[in-house]
Amino acid sequence: MGKTVLTVLGVVLAVWLVMTVIGSILSMLKFFFFIGLVAVVVVLAVTAVSKMSKSN
């Protein structure tokens, strides 16, 4: 009986760990996506300002 309880507890713990790792990876990817998006906006803004100052 004790072995069965420990096996079930181990499986539940393993599933919880996998879900936690997947959640962390998705959160990290979302964070990197937003950082990349901000970087693209900054590069576009700097490029636009640079082109405007050259034309004047």
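Before moving on, here are some points about what is shown:
- Each residue of segment 31-46 is assigned a 3J(HN,Hα), and the resulting list reads 4, 5, 4, 5, 4, x, 5, 5, 5, 5, 5, 5, 4, 5, 5, 5 Hz, derived from the Karplus form 6.51 cos²θ - 1.76 cosθ + 1.60 (θ = phi - 60°), x at Gly and Pro.
- Cα pair count fraction exceeding 18 Å, expressed as % - the chain: 64
Where a number appears in this text, it was derived from the coordinates with a stated rule and is not lab data. These figures come from a predicted structure and were not determined experimentally.
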